[in-house]
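The values are calculated or read from the model by the stated rules, or taken from the named source; none is laboratory data. Computed from a predicted model, the values in this text were never measured in an experiment. Neighbour counts run over all protein chains shown; Cβ positions are idealised from the backbone, glycine included. Ligands, DNA and RNA are stripped out before the accessible areas are found, and what is left, the full protein with its side chains, is counted by its heavy atoms. Shrake-Rupley method; radii C 1.70, N 1.55, O 1.52, S 1.80 Å.
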Amino acid sequence: LSETKNNIDAVLKEKETQIFLNYEEIKGFTVKNNQELKSLENLVTSSSFNLSSKIAKRYPTLDLQASGLPKYVSGKNYSSNSTTTKTSKFSANPALNIKLDLLDPLRGSEIKIAKDNYQIAINNYEIKKKDLIQEAKSRYHKLQKSYQDIKNKKLSLDLSIISLKDAQSKFDAGIGTKFEVLEADAQLSRDRQLLNEKKIQHKINKIELKEILNIKGDFVINEKQKLIGFWNHKLNKNINEGLVKNLSLKNINLQKSIKQSQANKYLNTYKPNIYISNTLTSSFSKGDSLALQINSEKSGSSYTNTVSLNFGWNIFDGGQNKNLYKSSKADAMSEEYSYNNLENVLKTNISKAYLNLKLN
């Protein structure tokens, strides 16, 4: 037992500076250090960039293309009925295209979906943050309680030692029995075992709090527990505000909105797409083409600029998007049942928490 205790102490002992952790600092430590929250925070950032990319579809695009930069063509054209000609020519053909969508039927739905996904990512972060803070506070209270449990068991152990001495003294004086001595000795053994269990549980509670707060070194807490507040709200108020403020319910509504937007997107594929484009093409060359004698100093250039209003319309696709529309509408309907189910679960959980509070 002593060897096991020393090994446990060696593992738990840290070389880093010991810090003092107050109950009021739990929230800050959780938000700053918890790795699960960091992961969700990056997902929020990812959703934000995705939303920005969808909004960027409202702005014009600029493309630069070049076929052969430069391009060299050489060859000879031979015919029995005509003169043989030669080609030796360098050329470059850059093109610049500006495009602006005047009417894009899919753009609005895509932006709406990205906004809802971004809000869901924020809500998921807030849900996990609240859950982790609540769990960290619960572990803090358990660690505080384990300090008091150890003190209580030490007092019980001291009383058991005194009881054993009294029983032994009475037995030596002839006014007690051997059974009383054995019973007192057995109680002392039980109290020693319980004290050891409380010490181990105390270390477990400390490890669990250290894990959720991601503390690398050792730490100590305030051992004294105190009242942290009162809860005087009625059950109906608890249920109503719990349902209004619950982020999981809001996420279900957002999921329903996403499914509706996806359904609209499938229908909008049947609407025309109108965009304006401006294409500037140019050509630069040096050398001769299909000439009797190559003039390497000969050069030329040209450019054309085309502005056009373009129109595209997907009239029929065999019913593919129509069926996808019906599928998304059915998914949206399923979210309503999920909402009602979670609402019932929340009402039950809030009522149970309220009754347990009254019981305690």
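Annotations
- Candidates Glu335, Glu180, Glu211, ranked by Gaussian network fluctuation over the chain, Cα under 10 Å, top entry: Glu180
- A convex hull fitted around the alpha carbon atoms of segment 153-283 yields 385 Å³ per residue.
- Helix-only arithmetic for the chain: the sum of -39500 (n - 2.57) across DSSP H runs with n ≥ 4, divided by the residue total, places the mean residue ellipticity at 222 nm at -21500 deg cm²/dmol.
- Centre separation in Å (Cα based) which lies between segment 149-200 and segment 16-49: 47
- Taking 16 Å as the straight-line reach from the Cα of Lys178, the aspartates and glutamates in range (excluding those fewer than 8 positions away in the same chain) are Asp166.
- Its residue count N fixes a reference of 2.2 N^0.38 Å for segment 180-222, and the Cα radius of gyration divided by that reference is 1.77.
- Surface composition of the chain: carbon plus sulfur atoms hold 54% of the accessible area, using a 1.4 angstrom probe and ignoring ligands, DNA and RNA.
- Computed on protein heavy atoms with a 1.4 Å probe, the accessible areas place His202, His141 in the order His141, His202, largest first.
- In this simple spin-label approximation, Phe179 and Tyr72 carry label points 7 Å from Cα along the Cα→Cβ vector, and these lie 11.6 nm apart.
- Leu43 accessible area, assembled protein chains, probe 1.4 Å, Å²: 100
- Considered as an equivalent ellipsoid built on the Cα gyration tensor, the chain has semi-axes of 80, 32, 17 Å, the largest given first.
- Highest-fluctuation residue, Thr45, Thr30, Thr306 considered, GNM on the chain with Cα pairs under 10 Å: Thr306
- Nearest-0.05 FRET efficiency for Gln18 and Asn360, computed from C-beta distance (R0 41 Å): 0.75
- Of the listed residues Ile127, Ile111, the order by accessible area with a 1.4 Å probe, largest first, is Ile127, Ile111.
- With a 1.4 Å probe rolled over the protein heavy atoms of all chains, the accessible area of Val181, Val31, Val307 falls in the order Val307, Val31, Val181, largest first.
- Distance between segment 119-134 and segment 310-360 - C-alpha centres, whole angstrom: 20
- FRET efficiency, 1/(1 + (r/R0)^6) with R0 41 Å, evaluated for Asn240 and Ser46 via beta carbons: 0.75
- Cα-Cα separations in segment 239-360 greater than 22 Å, expressed as whole percent: 68
- Beta bridges assigned by DSSP with both partners in the chain are antiparallel in approximately 95 percent of cases.
- log₁₀ of I(q)/I(0) at q = 0.19, 0.27 Å⁻¹ - segment 102-187, Debye sum with one point per alpha carbon: -0.90, -1.13
- Here the chain is treated with +1 on each Lys and Arg Cβ and -1 on each Asp and Glu Cβ, and its dipole about the Cα centre works out to around 720 debye.
- In terms of packing, defined here as the mean over residues of other Cβ atoms within 10 angstrom, the peptides 133-140, 170-177 line up highest first as 133-140, 170-177.
- Efficiency of FRET from Cβ geometry, Lys57 and Tyr303, R₀ 35 Å, rounded to 0.05: 0.75
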